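The values are calculated or read from the model by the stated rules, or taken from the named source; none is laboratory data. Predicted, not measured: the structure shown is a model, and the values here were computed from it. Note that each Cβ is placed from the backbone with ideal geometry, even for glycine, and that neighbours are counted across all protein chains shown. Ligands, DNA and RNA are excluded from the accessible area calculation, which covers all protein heavy atoms including side chains. Shrake-Rupley method; radii C 1.70, N 1.55, O 1.52, S 1.80 Å.
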Amino acid sequence: MSWRNELLAVWAVTLRNALMGARNVFFFFELLFWPIVGVLSIGLMSRFLELTEAQASFVLVGTIALSVVNVCQLEVAYAVLLDVWSKSLKHQFLAPIGIRHLTLGSWVVGMVRSLAVFVLLAALGRWAFGFHVLQPGWFALAMFLLGCFLTAWVVGVAVCALITLFGNRAEAFAWATVNMVLVLAGIYYPISVLPDSIAAIARAIPLTYFLDAYRSHYGFASEFRAPIATGLALSALYAALAHWAFLAAIHRARRTGLLLKMSE
Amino acid sequence: MVSFLGMLAIDARDVEKTFRSGWPRRRETQALRGVSLTVERGAIVGVLGPNGAGKTTLLSILATLLTPDRGTVMVLGHDVVREAGALRRRLNMASGRPSFLWSLRVAEIIAFYGRLYGLSGAALRRRVDGLIELCELGPYRRVPYSDLSTGLKQRVALAKSLVNDPELLFLDEPTLGLDPDVSVRVRAHIARLRREQGITIVLTTHYMREADELCDEIAFIKGGRILARGTPGELKRQIRLGEVIALRLDPARVPWLAEIPGVLRCVELDGWVECTVDEAEKRLPELLRALHADGVVIRNVQVREPELEEVFVELAK
Ligand SMILES: Nc1ncnc2c1ncn2[C@@H]1O[C@H](COP(=O)(O)OP(=O)(O)OP(=O)(O)O)[C@@H](O)[C@H]1O
Ligand SMILES: [Mg+2]
């Protein structure tokens, strides 16, 4: 496949997801509602508990990261979910494209959307709680966002794989599993407070490292030696694994007939 | 018309497919039990058979949506399992129960799939416009898919299935639920696709008239096996249903008619005597001669081939 066709297929999916997103007012509302509720409640709680400025920043970073990852991963999962819901999955697997076009195309929309959510939350955090996202500098912020996007890609593709493996009944199960994993990533606490066994899991999650690196600029000593490099390496590893799992799931769905079953 | 005389578009041998579903108790359905099918380039072949016969399963395997358990399947010279990628650009499929993303509009749906097949810019716009015109979707190009009627949805599916200019087209019950007027046009359209562009078409249908009218050849499938194969005419002869000679006679009843050699049975119906014979061309003069010799007045004669529907009913037994 030529580069032109590669980009075109990704662009086709990007355009499709963007159109679907723009058409659904309800999605739009949902997209903003939970992130805003998150930042407000965490911010207010930190005021009630009289946290120091650094501590408040710590938990706000956590809740913002969670929102960004959630919005972005949901969009990545739309790569198959939109078609599963409307029972049109077979058409795109009849076309000469690969799953990379589906996931990358959705990821692009996910990044744009979650970036918009991030800007909004940052503004809200600054206005309501005096929290400044740019305090660590542009580079640190960019790395933090990249970490969120990569984590979202891995999570979203894993959800796609689970759904094509178990059918649409597995939807709820898929969300639950991946969200449980995310909560372990030290969203609201340093992983040093976790029991050893659970900390080991948290250490296997890339987001943990990106959070750690970003928070080190708010006065929390880094728990790892090279958090960003480690986070990137882990992300690459999981991205490859998730991609492979999705590929295998599609392969299996073609064999078992699930692909057809999800299209009628 | 483009001619690919003698070249095979499809060469499937001993294809088997068993579905396993259900948990914890496994259910097995043998959908295909050793199907072999060849289709020449440029032909229209109909796959007929009762519900659950395996028609959709067969088409899905040929279109790379389903992998066969056993057997070899070559489509347009590609192996459907090993060379699926290259094959997919050259074929397409539409079904009578189509579904697309609900809130996308007609033109957006066609354009989306067009891009997946590598079209862009002016070429994509031209193709989308052309297909919208071809499928008479002009007034609906900005209508969301969910707001379309069944027939319009099917036309969108047909337009989508032509977006990559396929050499081979699979149509699974393309006229399901369409009103007669639209069905006629869809059929004319299918015939034109083959005539003008030389597209090879494999279709399934439950409308025998459609199969009779459109198909060069018919494969009859039941219980995952192909039971009969041939032109509609050949099938009718193969089944030995016989042909019907209907007579209006005076006196209306002639008891000895059924005893004439070659006459299989006679029934009276609304003043007509319907004699089923092995071969009308040979038996008609004999019948007339005998009636004449007996002094029976012949007021009217009609000769009818059996309908494909009767062949279907006979085969499906
Ligand atoms: N995805 C699937 N999973 C499990 N079983 C299936 C699947 N698809 C088809 N089957 C089973 O395989 C058999 C053949 O089905 P198929 O859809 O090919 O029939 P068909 O000839 O197209 O019937 P119809 O005329 O009703 O469309 C049926 O018994 C059906 O229940
Ligand atoms: Mg069917």
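Which condition number does B:Asp11 fail, the rest of (1) charged (D, E, K, R); (2) under 21 Å from the mean Cα position of the chain (by Cα); (3) open to solvent by less than 10 Å² (accessible area, probe 1.4 Å) being met?
Only one criterion is unmet by B:Asp11, namely (3).
Identify, by number, the condition in (1) small (Gly, Ala, Ser); (2) touching an Asp or Glu at 6+ places or on another chain (Cβ under 7 Å); (3) within 14 Å of chain B (Cβ to nearest Cβ) that A:Ala95 doesn't meet.
(2)
Which residues, taken from the range A:48-77, are in contact with a helix residue (DSSP H, G or I) (Cβ under 7 Å, 6 or more places away or on another chain) and acidic (Asp, Glu)?
Listed by number, the list holds a single entry, A:Glu75.
Look at A:Leu82 and say whether it is modelled with pLDDT of 90 or more and under 20 Å from A:Ala253 (Cβ atoms).
no
Please determine whether any residue of the range B:248-267 is closer than 30 Å to B:Asn51 by Cα and modelled with pLDDT under 90. Before the answer, list the steps.
Pass one, the range B:248-267, residues closer than 30 Å to B:Asn51 by Cα: none.
Checked the range B:248-267: no residue is closer than 30 Å to B:Asn51 by Cα and modelled with pLDDT under 90.
Give the residue, chosen from A:Ala22, A:Ala18, that is small (Gly, Ala, Ser), within 14 Å of chain B (Cβ to nearest Cβ) and free of Cβ contacts under 8 Å to residues at least 12 places away in the same chain.
Values: A:Ala18 fails: free of Cβ contacts under 8 Å to residues at least 12 places away in the same chain.
Being small (Gly, Ala, Ser), within 14 Å of chain B (Cβ to nearest Cβ) and free of Cβ contacts under 8 Å to residues at least 12 places away in the same chain holds for just one of A:Ala22, A:Ala18, which is A:Ala22.
Does the range B:155-170 contain at least one residue that is open to solvent by 20 Å² or more (accessible area, probe 1.4 Å), more than 16 Å from ligand 1 (Cβ to nearest atom) and touching a Cys at 6+ places or on another chain (Cβ under 9 Å)? It would help to see each step written out before you state the result.
The initial filter retains those residues of the range B:155-170 that are open to solvent by 20 Å² or more (accessible area, probe 1.4 Å), namely B:155, B:164-165, B:167.
Restricting the remaining residues to those that are more than 16 Å from ligand 1 (Cβ to nearest atom) gives B:155, B:164-165, B:167.
Remaining after also requiring touching a Cys at 6+ places or on another chain (Cβ under 9 Å): B:155.
The answer is yes, given that some residue of the range B:155-170 is open to solvent by 20 Å² or more (accessible area, probe 1.4 Å), more than 16 Å from ligand 1 (Cβ to nearest atom) and touching a Cys at 6+ places or on another chain (Cβ under 9 Å).
Among all residue pairs at least 6 apart or on different chains, which show Cβ distances below 7 Å where the first residue, located in the range A:58-71, is within 21 Å of A:Val112 (Cβ to Cβ) and the second is not in a helix (DSSP H, G or I)?
A:Ala65/A:Ile187; A:Leu66/A:Ile187
Can you name every one of the helices (runs of 4 or more DSSP H) wholly within the range A:205-264 that holds 3 or more residues which are within 25 Å of A:Thr63 (Cα to Cα)? Before you say what the answer is, go through the steps one by one.
Details: elements: A:206-215, A:227-256, A:258-261.
Here the list reads A:206-215, A:227-256.
Would it be correct to say that B:Ser103 is polar (S, T, N, Q), away from ligand 2 (no atom under 16 Å from the Cβ) and under 30 Å from A:Ala18 (Cα atoms)?
On the way: polar (S, T, N, Q): yes; away from ligand 2 (no atom under 16 Å from the Cβ): yes; under 30 Å from A:Ala18 (Cα atoms): yes.
Criteria met by B:Ser103.
Give me the pairs, please: first residue somewhere in the range B:50-74 and more than 9 Å from every other protein chain (Cβ to nearest Cβ), second residue anywhere and acidic (Asp, Glu) and near ligand 1 (Cβ under 10 Å from one of its atoms), beta-carbon distance under 6 Å, and either six or more positions apart or on two chains.
Partner pairs satisfying both residue conditions: B:Leu59/B:Asp172.
Across the range B:47-73, which residue is farthest from A:Ser2 (Cα to Cα) among those that are buried (at least 18 other Cβ atoms within 10 Å of the Cβ) and away from ligand 2 (no atom under 16 Å from the Cβ)? Don't jump to the end; show me each part of the working.
Taking the range B:47-73 as the starting set, the residues that turn out to be buried (at least 18 other Cβ atoms within 10 Å of the Cβ) are B:47-49, B:53-68, B:73.
Applying the additional criterion that residues be away from ligand 2 (no atom under 16 Å from the Cβ) yields B:64, B:67-68, B:73.
Numbers: B:Thr64: 22, B:Thr67: 27, B:Pro68: 30, B:Val73: 27 Å.
Checked the range B:47-73; the qualifying residue farthest from A:Ser2 (Cα to Cα) is B:Pro68.
Counting only residues that are more than 17 Å from B:Arg283 (Cα to Cα) and open to solvent by less than 50 Å² (accessible area, probe 1.4 Å), how many does the range B:232-248 have?
Final tally of qualifying residues: 5.
Of (1) in contact (Cβ under 8 Å) with a residue 60 or more places away in the chain; (2) within 9 Å of chain A (Cβ to nearest Cβ); (3) in contact with a helix residue (DSSP H, G or I) (Cβ under 8 Å, 6 or more places away or on another chain), B:Arg97 satisfies all except one. Which?
(3)
Residues in the range B:108-130: is at least one at the interface with chain A (Cβ under 9 Å from one of its Cβ atoms), part of a strand (DSSP E or B) and open to solvent by less than 60 Å² (accessible area, probe 1.4 Å)?
Checking the range B:108-130: not a single residue is at the interface with chain A (Cβ under 9 Å from one of its Cβ atoms), part of a strand (DSSP E or B) and open to solvent by less than 60 Å² (accessible area, probe 1.4 Å).
Give me a count of the residues in the range B:76-86 that are within 15 Å of A:Arg254 (Cβ to Cβ) and either more than 12 Å from chain A (Cβ to nearest Cβ) or at pLDDT 95 or above (or both).
2
Please count how many residues of the range B:264-300 are over 13 Å from B:Arg253 (Cα atoms), of a type in the set (Asp, Glu) and crowded, with 16+ Cβ neighbours inside 10 Å.
Number satisfying all stated conditions: 0.
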